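A short worksheet on the structure shown next.
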Amino acid sequence: MKHLQLAIFLMPKEQFCEFAGISENGRVYSFRRLMQENSDPYRIQNFFPKEQKETIIRILYYTPTGRSRIINLSENSIWNSCKPPIRIYTNDGRPAYFAGKISYQLRLVKNENGSFRLVRESELSDENVFHKNDTTERFFWKNPTQNEIPEIIPVSENDREAVPVFFSGPNYEQKKMLSRLIDENRISPSELVKHKSSLISNGVIGLESIPKVYQAGPALCLFLEPVYHESEELSVHGRICFVYAKRKKDLSSLKESKRKSKTSNPAETFSETEPNLVDFNATVNRTRVYARNLTIYAEHPSGVVVKRSLKKEKTLLLTEIPIKYGKSTGEFIISPKKISSFFTETLPEILKKNVILKLHPDLEGITIRRKALFQIRESSGVDWFGGGIQIDGLDTLESSATYAAWKAGRKFVRLQKSGLIDLTSLELESMARTLDSAGIELDQQGNTSRLNKGQAIALELVGDLRAAKSLQKLQKSLKSTFQEKNIPNSFSPGSDFRGELRDYQNKGARFLYNLHSLKIGGILADEMGLGKTIQCIAFFSKIFQDSPKSKILVIAPLAAIGVWEEECARFLTNVSVQVWHGSSRKDAKLLRSGIILTTYQTLTRDIETFQKLKFETFVLDEAQNVKNVTTDSAKSVRKIQTGSAFCLTGTPLENHLDEFWSLFDLSFPGLLGNLRSFQRNFSSESPMSIQELQRRTEKFLLRRRKSEVLTDLPPKTEIRVSTPMETRQAKLYEKARQEAILKLRLAGSNYIFELLPQLTRLRRLASHPDIGMEKIDPTQSGKINRFLTMIREEIPESSASLVFSQFTDTLAIIKEALDRLKIEYFYLDGKTPQSKRVSYVQRFQSGERRFFLISLKAGGVSLTLTRADTVFHLDPWWNPAVENQASDRAHRFGQKQPVFIYKLFSEGSIEERVLELQEKKRHLFASLFDSEANWTESNISREELRELIG
């Protein structure tokens, strides 16, 4: 045992080697055994040759167990300095020698967690992973076994029997490369990118798995996604961050997410599998910002490697963005109340800063500017349509769902195809007002199945809509009809017409005929005296020429029936005319064709007969008689079956706008909606609504003034005559005035209605203190005294005068006064029979008497009294149109003399203030029928009423 040779046995398991000494007879003594038997290591070295002692000491020092890993044996100083050389054996006792070195063949493999590792190409087991601190070299020999070291090994000097042993390991360049990688078992993508050139030069395969570097950028990006609440309210979560991309074009501003698929969970993130953009928090590490190297490689959670420029990021942080966000996270929340303004106002301002926009798919719908339209559809009825709300970019079902959500009071709705829709931006409120102004009611889905022609035209005039083909055709016809360049210069009445039309009358007849040809009605509202009757008869003649067997109905006040019969007989001699009135009709039958004349009262009594007939057209003369829709006459005329309906009136508006609606509801139902919707949308207090009312009706209403069309008509002069009250009259008036003031002070909200009796009493006292009594002295009234003075001293005897009053009691006082003066006169009120009316008019026109006393209500229409050149109004009425209508009995076609109109009023009385009120009424009237007129208020407030009383 004193003569041992140093040897090592290669152990294939775990790459260990065992140190031992071999005697001359081949017995093996492991170092572990030697150390167990000899506690003094210096004694052990004495068992070996002198030349090996130094090596033995080093082995004992570094490997106290006698076992060691094989560490670069071929280059180790222990190996090279030992003499005689260390003998090498395999663990089964066979002699071995180092035959050469095998270089590594490395492959890059991606782990499941996104990191990378380097493995041997030949085997991909975990034990072949190389670590930074593991420079182990593996030794290989042929068919190694796992035997223990033998006790005795045969000593053989034949090297040919020695086992060749190869060992593999990194070369110098590979060692250098591996030392730079932090952890070869978990190499980060950024480290691979950083050392990619070294990996290539060292022949590492599998480098195609290295992620591409995103280095286009940075840019600021705004990520937005919805946050849904149990209360069905919506808020938006936003985040400002830096983004990088593969290509510069992906960083273009205003770029939106075009992702088509919709996530089942709205709260899920909306990043794509291979995103065009990768993002980082909009914060920059200050220590890095000021470091020497301002460019770093950073890994995104998606696995992308980004070459970040911290210097550029810092510059971008100086951009002023109009929203507050967390400085550490870049996040912010848009509350439900501010969402609409954010998308319409704030977001556009942000995008002006070249900020990229990335939206959750649900939010894409909010950024699309949509508008609600009304779709008019064909229906089964000729004159009826269907319709419904249609929203840009949405189909019918989505539009209905959107409207239902809006009706339910929601601000947003989420649709399966279109994402979130901002209901506040659709202008549905405006659309609802438009529909309401046409009297259109929709169901919960925004549809209606019954829409008449008037409503459809109203929508075409004021709203956004898509119209059915038949309506488009009607609209085109309307446009062509009302463009002067497409209208013939003259209207050609039927061949049976025997009259001559002035130019304006020809235009009026053409207006009626054009509307009738479109199966639409309208209003002819010429001032009194312009010949509305003859214009209608010319229109009738054209109908009879086109369809000889047509049946036409004319409804007029009793006072006007005779005029119509006379005019029809004069201008349409070959057309049958039937007056349906009086007891004689009981044994008569209605004409099968021709013109039927009847009164409003008679129509109401015989409505069962009339509503069975179908008329080509019907005309309502003095249509203001049916301005109150609740009357039997107004209800009856609405039951008539007709192709068109026309209203004739010189005063389409007397007191309030409801009267105007009533006439259009007769002539063109639906154009102004129903009464309730009209009252909601149109008011005399609103200039805008008056303008809209004029715009909507201008094509269907024709009004001319005498001053415009009768240039040869003599002038009309209005003169106000102020008269002081008599002493007793003034005292009684003052007492009544104080009582009215007290009544007004105690009146409730319906103060106008409560004050009407007091107002009427004041007006009557302003005429005469004893008005209504049996015995009256006319001279007790200052105003009547003034009237009597004027007719005796100021009015020439050659003049003829019309004397109007709304109070028959006042006319009775005038009669008494004229009788005392032995002045003859004609008298007409509501009780005067029709035959006497006609007679009185003829006799007055022939010059039989100078004065004609007329009740304003009974004689303000259907009279032609052009012999008169003087008109007296003994008590001013609230509406100037009514007075003008009465004055036009004299100032009309056929008048050759200038006409003087005297308006008498008691000084300091309510009459004086009524004249002031008339001006307000006049402005309202003009605002509807004169596009150049300025509008002023016309309603009477409580304060104004107090001022009216005085």
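The values are calculated or read from the model by the stated rules, or taken from the named source; none is laboratory data. The structure presented is a predicted model; accordingly, all values stated were derived computationally and were not measured. Reconstructed Cβ throughout: ideal geometry from the backbone, glycine too, with neighbour counts over all protein chains shown.
The combined condition, being among the acidic types (Asp, Glu) and within 25 Å of Arg761 (Cα to Cα), is fulfilled by Asp809.
When Val721 is tested against (1) within 30 Å of Ser906 (Cβ to Cβ); (2) modelled with pLDDT under 85, exactly one condition is not met: (2). Taking the conditions (1) closer than 30 Å to Ala456 by Cα; (2) touching a helix residue (DSSP H, G or I) at 6+ places or on another chain (Cβ under 8 Å) in turn, Lys716 satisfies each one other than (1). You will find that of Ala747, Ala730, Ala740, Ala766, the residue that is over 29 Å from Val871 (Cβ atoms) and modelled with pLDDT of 85 or more is Ala740 and no other. Taken as a whole, the condition of being in the same structural domain as Gln146 (by TED's automatic domain parsing), more than 16 Å from Lys83 (Cβ to Cβ), out of contact with any Pro (no Cβ under 9 Å at 6 or more places or on another chain) and not in a loop (DSSP other than H, G, I, E, B) applies to Tyr42. Filtered by the rule that a residue be small (Gly, Ala, Ser), in contact (Cβ under 8 Å) with a residue 60 or more places away in the chain and farther than 26 Å from Gln694 by Cβ, the stretch 525-560 gives Ser547, Ser550, Ala556, Ala559, Ala560.
Would you check if Thr631 is surrounded by 20 or more Cβ atoms within 10 Å (Cβ to Cβ) and under 26 Å from Phe668 (Cα atoms)? So Thr631 fails the test. Being part of a loop (DSSP other than H, G, I, E, B) and touching a Lys or Arg at 6+ places or on another chain (Cβ under 8 Å) is the filter; apply it to the stretch 847-863 and report the residue that is modelled with the lowest pLDDT. Checking each candidate, the answer is Gly860. Of all residues in the stretch 517-540, those being part of a loop (DSSP other than H, G, I, E, B), touching a strand residue (DSSP E or B) at 6+ places or on another chain (Cβ under 6 Å) and over 29 Å from Glu883 (Cβ atoms) number 0.
Can Glu754 be described as touching a helix residue (DSSP H, G or I) at 6+ places or on another chain (Cβ under 9 Å), closer than 25 Å to Asp875 by Cβ, free of Cβ contacts under 8 Å to residues at least 12 places away in the same chain and in a helix (DSSP H, G or I)?
Criteria met by Glu754.
Residue check: Lys212 meets all listed conditions (1) touching a residue at least 24 places away in the same chain (Cβ under 8 Å); (2) surrounded by fewer than 17 Cβ atoms within 10 Å (Cβ to Cβ); (3) more than 30 Å from Leu318 (Cα to Cα); (4) of a type outside the set (Asp, Glu) but one, namely (3). Under the condition of being of a type in the set (S, T, N, Q) and touching a residue at least 24 places away in the same chain (Cβ under 8 Å), the residues counted in the stretch 719-751 number 3.
Hey, does the stretch 59-72 have a residue that's hydrophobic (A, V, I, L, M, F, W, C), part of a helix (DSSP H, G or I), at pLDDT 70 or above and out of contact with any Phe, Trp or Tyr (no Cβ under 7 Å at 6 or more places or on another chain)? Yes: one or more hits.
For Phe807, the conditions (1) touching an Asp or Glu at 6+ places or on another chain (Cβ under 7 Å); (2) buried (at least 20 other Cβ atoms within 10 Å of the Cβ) are fulfilled apart from (2).
Within the stretch 169-194, the set of residues being assigned to a strand (DSSP E or B) and modelled with pLDDT under 70 comprises just one member, Gly169.
The set of residues in the stretch 505-533 that are charged (D, E, K, R), surrounded by fewer than 24 Cβ atoms within 10 Å (Cβ to Cβ) and under 42 Å from the mean Cα position of the chain (by Cα) comprises Lys507, Lys519, Asp526.
Mind checking whether some residue in the stretch 633-656 is modelled with pLDDT of 85 or more, in contact with a Cys (Cβ under 6 Å, 6 or more places away or on another chain) and of a type in the set (A, V, I, L, M, F, W, C)? Checked the stretch 633-656: no residue is modelled with pLDDT of 85 or more, in contact with a Cys (Cβ under 6 Å, 6 or more places away or on another chain) and of a type in the set (A, V, I, L, M, F, W, C).
Out of all the residues in the stretch 572-595, is one or more within 23 Å of Ala525 (Cβ to Cβ), assigned by TED's automatic domain parsing to the domain that holds Asn514 and either outside any strand (DSSP E or B) or among the charged types (D, E, K, R) (or both)? No, the stretch 572-595 has no match at all.
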